[in-house]
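Everything on this sheet refers to the single structure shown next.
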Amino acid sequence: MDSRVAVASLGGTITMTGSGPVAPTLGAQDLVRGLEVGEIATLATIPGASLTFTTLLEAFDWATGQVADGARGVVIIQGTDTLEETAYFFDCLWPHDEPVVVTGAMRHPGLPGADGPANLAAAVSVAASENSRGRGAVLVLNDEIHAARWVRKAHSSLMNAFQSFPGPAGLLVEGAPQYFHPAHRLPSLPRPETVPAVPLVEATVDEDGSILDWLDVEGVVVAATGVGHVSAGMAEAISRARFPVVVASRTGAGTTFRSTYGFAGSESDLIERGAVMAGWLCPRKARVLLRLALGSGSAAEDVFAVRGSVF
Ligand code: ASP
């Protein structure tokens, strides 16, 4: 029984080396040097863009096993490009009070001011802390702690690339986490055996929605304009769809509406046509949630009613 923090690596910039352009080479053992941690595992050595739900489910099983063996928290290291999606994936499935913390780096180990060691040390400190319990999954980078549900990579390269609306859940102060709100965790979904593919389709100007007719899938997320609007043509395509369609806002912050607008393609029209509104979830998080809901046999409407709303 090891009550220290367990650390697993999946790859990403934090693991990348090379004399020219860098690629993932380092494992978790190389990264944790000097840190007081328990179990260490390298589960993959790949860039964030190549991660699959299969790998994420393996990481979830590993993390759950560590908690069952007594770990006080778990850190998952990976590429920052998809870190917000992994954080949310864990947040939806994580049934424990022990914290699960995802982290990575914006600068690879060969660059001046590489942030990997500081981010990893901060993530371990957050995962080990008593006041991180009961918060689900959090993302730690740049001395900020972000709730999985709200965080997004909002800049392609800066050290402060990760931002949350309405702001970070907490900060690291003198190396230890301090939170702005008491702990709160939503009920977790059952772990699915398999996860169906769900495309993400963006509503743009002069988009008639016929792409939805071509899809042979179990569900779709539409990144809609504003508070959940699409063209009249796309609204017709949503009516024709034989799979669940979840509508999220493409704006980057704010919630979808339900009853303010009444034109063809408006939020109230789409609800009438059977669409599920994503509420406060951005399209990428909505896609993660819909895949997990479909995979675990949960009704999309019920799951989004709980996870897409605030107090
Ligand atoms: N730039 C990415 C990172 O920060 C690359 C990746 O996601 O693997 O790790």
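Throughout, read-outs are computed from the coordinates displayed, never taken from laboratory work. All of these numbers come straight from a predicted model, not from anything done at the bench. We place every Cβ from the backbone using ideal geometry, glycine too, and count neighbours over all the protein chains shown.
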Quick one: work out the % antiparallel among DSSP beta bridges in region 219-311, nearest 5.
-> 10
Based on DSSP H runs of at least 4 residues, each adding -39500 (n - 2.57), what is the mean residue ellipticity at 222 nm of the chain after dividing by all its residues, to the nearest 500 deg cm²/dmol?
-> -7500 deg cm²/dmol
Choice from G11, G48, G175 with maximal GNM fluctuation in the chain (Cα, 10 Å cutoff) | G175
Here the FRET efficiency for Q29 versus A253, based on Cβ atoms and R0 = 35 Å and rounded to 0.05, is 0.35
With the dipole of the chain worked out from charges on the C-beta (+1 for Lys and Arg, -1 for Asp and Glu) around the Cα centre, which of A121, G297, V230 lies farthest toward the positive end?
-> A121
Scaled radius of gyration (Cα, divided by 2.2 N^0.38 Å) that region 176-311 gives | 1.07
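Nearest-5 percent of antiparallel DSSP beta bridges in region 168-292? Could the numbers behind the result be given before it?
Working: 5 of 15 bridges.
Taking every DSSP beta bridge with both residues in region 168-292, the antiparallel ones total about 35 percent.
Pick out the long, greasy-scoring helices in the chain: whole DSSP H runs spanning 27 Å or more along their own axis by Cα, mean Kyte-Doolittle at least 0.0. Each step should come with its number before you reach the end.
Numbers: long enough: none.
Result, helices passing both filters: zero.
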DSSP-assigned coil residues among GluC sites (Glu not before Pro) in region 8-97, each with at most 12 further Cβ atoms within 10 Å = E36
For region 204-311, which trypsin sites (Lys or Arg not before Pro) are both in a DSSP coil and crowded by at most 11 other Cβ atoms within 10 Å?
-> R242
So, with points 7 Å from each Cα along the Cβ direction, the S188-S309 label distance in nm works out to 2.4
So, with points 7 Å from each Cα along the Cβ direction, the A176-D206 label distance in nm works out to 6.0
Mean separation of Cα pairs under 8 Å and 6+ residues apart, divided by the residue count of the chain: what relative contact order is that in percent?
-> 13
Beta bridges by DSSP in the chain, antiparallel share as percent, to the nearest 5 = 40
Which loop chymotrypsin sites (Phe, Trp or Tyr not before Pro) in region 240-285, with loop taken from DSSP, have no more than 13 other Cβ atoms within 10 angstrom of their Cβ?
-> F263
